[in-house]
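A short worksheet on the structure shown next.
Laboratory data are not the source of any read-out in this text; all were calculated from the coordinates shown. Values in this document were obtained by computation on a predicted structure and should not be read as measured data. Note that we place each Cβ from the backbone using ideal geometry, even for glycine, and neighbour counts take in every protein chain shown.
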Amino acid sequence: MSSPTTAPTTIPAFPWIGLLTLAGAIFISVTSEFLPTGLLPEMASELDVSLSTAGFLVTVFAGTVVIATTPLAALTRKYSRKALVVVVLLVLALANVLAAVAPTYEVLVGARVLGGLAHGLFWAVVAAYAAHLVPKQQLGKAVAITAGGGSAAFVLGVPVGTALGHVLGWRIAFGIIAVLIVLLALAVVKFLPAVNHHVELKTGEIPVPLRKDRSMKGIILLCVVIVILITGQNIYYTYIAPWLINTAGFDEASVPFLLFLYGGAGAVGLVLAGFASDRFPKRGFAIALLAVMTAVIALAIWSASPVVVVVAVVVWGTSFGGIPAMLQTRMLHTASFRTRDLAAALQTTAFNVGIGGGALVGGLLLDSRGIESLPLTLVVFVAVALVLMVGTDALRAARARRALAV
């Protein structure tokens, strides 16, 4: 008698094409958000505004994301995730066209508001998209791949956009971004798998309000850490181009190359984050923050040394490059399945509170205390985020040990 055979268990293939398509969409969206960072001097000059006023374009964009993301995510929660990605990319393309032809600073602000609306909903959808494509044990790898789009924006998008802005004018740079966004939207239509993001209730199960979900405390705490950390980063990074020119003494033409170095180092950091997120997420995160603080302190103290500045920029880029992916992976592990979309929206809001708040605080410090005050202010914010995260993890570990001892 032949023994019964067990049907082989098939493991779904890792969705490389879908994740790389998401990475491409993220690349172009992040490039669009941060493009003004490398072009602030040119934009301020043509529009006849101060550097700090031009820097507020980043604040306006991020502020719109903060205000609109969660309501837009709630209004669109029943719609197809894939269709929403396509729609918001097309709206973002329109916003960049309007920016390219804006005759005044006020019109440019309006274009950035429209871009912020699209960008906020885009991130509310794509931040959780990878979690719908892979099992939980592959989240770190999947997030590292999609976050690679953001890293590539700093490696190629912002530096190349800055170089094009210098050669052809900042308006042409925005126009080129608009065309690329449309092409990425077409790629999403063809290559990104559709996903089912709806939570199926079990028989007899009563839906619990999301605010009462047990994962919400952890989500809120992580959002606080994100706000503090990203605010500190953008207090300095928003004004990195004028800092390099006016404080470190680099020629304006060398700024795109330095931004390229920062972004390239960030890509290395992202690869390291993909390794660390699934193996030792807590230690890896703490080490990255300590390295950021060390590099930026070196920039503040030895700004007159070109060699130190270049090395410190590379270390800063490497250290910070993987931090957003680490935070996103941690958020997806913290959130329950039913709160993933809400967590993604809150995470997007937190990131953009930090981006916009950092640009705003940096602009105020620029006017009141000078550009030299920005690096050490970043260090203070990062130190607070590190203490909060490490302290919270220590408290949770202590509670877990006490619970086991009972």
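Below are the figures for this structure:
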quantity: Whole-number percent relative contact order across the chain, with pairs defined as alpha carbons under 8 Å at least 6 apart; calculated: 27 percent
quantity: Contour minus Cα-Cα distance for VAL308 and LEU364 (0.36 nm per residue); calculated: 17.4 nm
quantity: Given charges at Cβ of Lys, Arg, Asp, Glu: segment 260-363 dipole, positive-most of VAL310, SER336, LEU299; calculated: SER336
quantity: Extension gain (nm, one decimal) between ASP251 and ARG283, 0.36 nm per residue minus Cα-Cα; calculated: 7.7 nm
quantity: Kyte-Doolittle at least 1.6, axis length at least 20 Å by Cα - qualifying DSSP helices, the chain; calculated: 51-75, 81-101, 170-191, 216-237, 281-301, 306-321
quantity: Spin-label pair PHE191/LEU156, simplified geometry with 7 Å Cα→Cβ offset, distance in nm; calculated: 1.1 nm
quantity: Cα gyration tensor, segment 322-401 - rounded (a/c under 1.5), prolate or oblate; calculated: oblate
quantity: Reciprocal of mean inverse Cα separation for segment 42-139 (Kirkwood radius, Å); calculated: 14.7 Å
quantity: Segment 74-120: C-alpha gyration tensor shape, a/c 1.5 cut-off, then a/b vs b/c; calculated: prolate
quantity: Computed over the chain, Cα set: Rg, Dmax in Å; calculated: 21.6, 89
quantity: Two-decimal Rg to Rh for segment 217-268 - Kirkwood Rh, Cα set; calculated: 1.16
quantity: Difference of contour (0.36 nm per residue) and Cα-Cα distance, VAL182 to ALA394; calculated: 71.7 nm
quantity: Mean residue ellipticity (222 nm) of the chain, computed from DSSP H runs ≥ 4 via -39,500 (n - 2.57), nearest 500; calculated: -27000 deg cm²/dmol
quantity: Shape of segment 76-183, Cα gyration tensor, a/c cut at 1.5; calculated: oblate
quantity: Approximate spin-label separation ALA291-ALA83, in nm, with each point projected 7 Å along Cα-to-Cβ; calculated: 4.3 nm
quantity: Projected label distance in nm at LEU168 and THR53, using a 7 Å step from Cα toward the beta-carbon; calculated: 2.8 nm
quantity: Segments 374-386, 230-242 sorted - mean Cβ within 10 Å per residue, highest first; calculated: 230-242, 374-386
quantity: For the chain, size of Cβ-based charge dipole, Lys and Arg +1, Asp and Glu -1, in debye; calculated: 2000 debye
quantity: Taking VAL143, VAL268, VAL224 and counting other C-beta atoms within 10 Å, the order from fewest to most; calculated: VAL224, VAL268, VAL143
quantity: GNM flexibility winner over the chain from ALA273, ALA74, ALA291 (Cα, springs under 10 Å); calculated: ALA74
quantity: Gap separating the Cα centres of segment 107-137 and segment 45-69, nearest whole Å; calculated: 18 Å
